[in-house]
1. Assuming R0 = 35 Å, what is the FRET efficiency of E140 and L95, from their Cβ-Cβ distance, to the nearest 0.05?
2. Tabulate in residue order the Karplus-calculated ³J(HN,Hα) for region 226-236, using 6.51 cos²θ - 1.76 cosθ + 1.60 with θ = phi - 60°, rounded to whole Hz; enter x for Gly and Pro.
3. If I take R0 = 22 Å and measure r between the Cβ atoms of L569 and L359 in this structure, what FRET efficiency does the formula 1/(1 + (r/R0)^6) give, to the nearest 0.05?
4. Please find the FRET efficiency linking R83 to K374, where r is the Cβ-Cβ separation and R0 is fixed at 56 Å, and quote it to the nearest 0.05.
5. Whole-Hz Karplus ³J(HN,Hα) for region 556-565, in order, using 6.51 cos²θ - 1.76 cosθ + 1.60 and θ = phi - 60°, x for Gly and Pro?
6. Using modelled backbone amide H atoms (1.01 Å from N, in-plane), which distant-in-sequence or interchain residues come within less than 5 Å of L389's amide H?
7. Name the long-range amide H neighbours of G180: under 5 Å, sequence gap of 5 or more, or other chain; modelled H, no Pro or chain starts.
8. On a 0 to 90 degree scale, rounded to 10, what angle separates helix 401-411 from the longest Cα axis of the chain?
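Taken together, the values in this text are just the output of simple stated rules run on the coordinates, not laboratory data. Just so we're clear, the structure is a prediction, and the values are computed from it rather than from any experiment. Backbone-built Cβ (ideal geometry, glycine too); neighbour counts: all protein chains shown.
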Amino acid sequence: MQLQTVPLKERLWQHIRPVAVGLLAEIRKRPWLHRPMHALAVRASRHKMAATFIQAVLEEHYLTAYEYECWIRDNDTLSATDRQEIADKVAALTLRPLISVIMPVYATTPEFLTAAIASVRAQLYPHWELCMADDASPGEETWAILQSEAAQDPRIRILRREANGHISAATNSALSLATGDFVAFMDHDDILSPHALFEVAAEILANPTVELIYSDEDKIDETGQRFDPHFKTGWNPELLLGQNMIKHLCIARRERVLHLGGARAGFEGSQDYDLALRIAEVVPADRIRHIPAILYHWRQRTAAKSFSESALDQCLEAARKAVTGHLERKGIKGAVVAPLSNAPAYLSVKRPLPDPLPLVSLIIPTRDRAELLKQCVQGVLKQTGYKALEVIIVDNDSDEPETHALFKRLARDKRVRVVPAPGPFNYSAINNMAVNHARGDILLFLNNDVAVIDPNWLGEMISQAARPEVGAVGAGLLYADGRVQHGGVILGVGGIAGEGAVAGHLYAGARSISKSYFNHLRLARNVSAVTAACMAMRKNVFLEAGGFDETNLAVAFNDVDLCLKVGALGYQVIWTPRATLYHLESASRGSDLEPEVIGRFRNEIAYMRSRWGAVLDNDPFYGPNFDKAHVDYRLATPVQRVRPWKRP
């Protein structure tokens, strides 16, 4: 046998990386050192070799400045042909919605203000008006700039407030100038992409009842360097509670904004967040649209700090107050909204449990593997704080003496029943049968290789599953070594060569939950599906959806199929990190790629593709800007989106 040798470069890196990671950890403990080192790293990451090093020290999915510049060049740079096609589309429009850009202005750095205005004037869609309110800026420079700009373009409308009222009052003053059917909110030092308002108009024309539109965004520094792109999910009301995912660019129907009273005083710094939440309370989900394109560049890393940077604590408190008020107006009493630990710009929401507590039926299929089952059931019975439960162990032909001895011991607890399910392994049929034995209003499907970490896990899942608008709830699952096993299910990834992609787990194999794309692994979110290794749903929802498909999906993808059926009925599917457990993935079942079962697996892939193909290929929670060959938010090249000026 020939021994394989590790290349010298790789061996050196195996030694260098741990040292670099340790050094970075120490630097992060010292803000006075971390800030200049971070700035230096940002500059260095624009070069390919340095970018590769920085990426390896941080996370494999970390997007370096060099990579983002390449992505912009290949996917987000308008060609002369693009510009001409947009012009042709605009000329052919019979309906031309007027979009009012709302810009509160206060003592803005002159070059940033003129750049912001220039980006509006450079819009390839010409049917706009720019409404600016100077919030009593000191001196005459800011007002002189606005006057000069208004003199050059009749579409620019300005007013000067007599007294400084801060951003909410200034926003409303600018709003009073607007005449368009839709208003687009813009800060006084940011930049619009040249095609931004065309994309917005195209969305309005394609969806005439739309009320709220939001786009992707990135940041831009004082030199014009773009960085930190935020490619957002489709409408995600649960994620919106943890972060202001609407923000930039946000467009709303003017009549709705006026009816709600515009921006509210007392929410300065998060007034846009508060407004988005209030709109979401009264607008159906199908009237909220996401444009998966970067249309807005948010000014950061400048000498002149924005309000959100200089008054961060005030902004965060306003955000917490906005979310708390939103939940109270929706009738959710007793929810606790608090900054996310070690990430105070994000919020974590602890929802209240129903009163009285509903009975939960935990369904655990098993075939032998007594040591796994014992750990699982003891975690449920002895380490779980939620006590209104019953455990249904579904025995699929266990034949080992220690397993049957364990059954007898466990059944002494009145909360435990062992139900036989003989015959070939059919996960769907086993669970469907067990549901008939369940007494609880809520079902919790649980694999026998899941182990409890925190006693609050079940209560957190039930607080979500009991909500009438929620159809299914999944948990965060970790491998025994702490790596991520399940952060929700992504559609359109995975599968086997030549068979088509079905679904896979978000961030599978990631080193920890502490670093993820805009903290997605630490925030509850709407997703398309979750794994039934740990999944809760109300029994009536399970029956309404028809349960698991035991005919076509005996083993694989039955949970994905069930979640998609639940979603098609209009229910939400939620993944929550507030319930996190260990999962030794398929330890008692084995791989779907073994020769004796791969034929069945191929048939299940084919069935999912035939039934859900269009849905699988368009997961709104993992959009067209992400590479479906990966599950960690890496950017795709080329982007799988037909831009509106390319559509027939």
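1. 0.25
2. Result, rounded to whole Hz: 8, 7, 6, x, 10, 8, 8, 7, x, 3, 9.
3. That gives a FRET efficiency of 0.40.
4. Working: r = 67 Å, r/R0 = 1.19.
That pair, R83 with K374, gives E of 0.25.
5. 9, 6, 5, 6, 5, 4, 4, 4, 5, 5
6. The list, which skips near neighbours in sequence, is V360.
7. Under 5 Å from the amide H of G180 lie the amide H atoms of S100, each far enough along the sequence or on another chain.
8. Between helix and principal axis, roughly 70 degrees.
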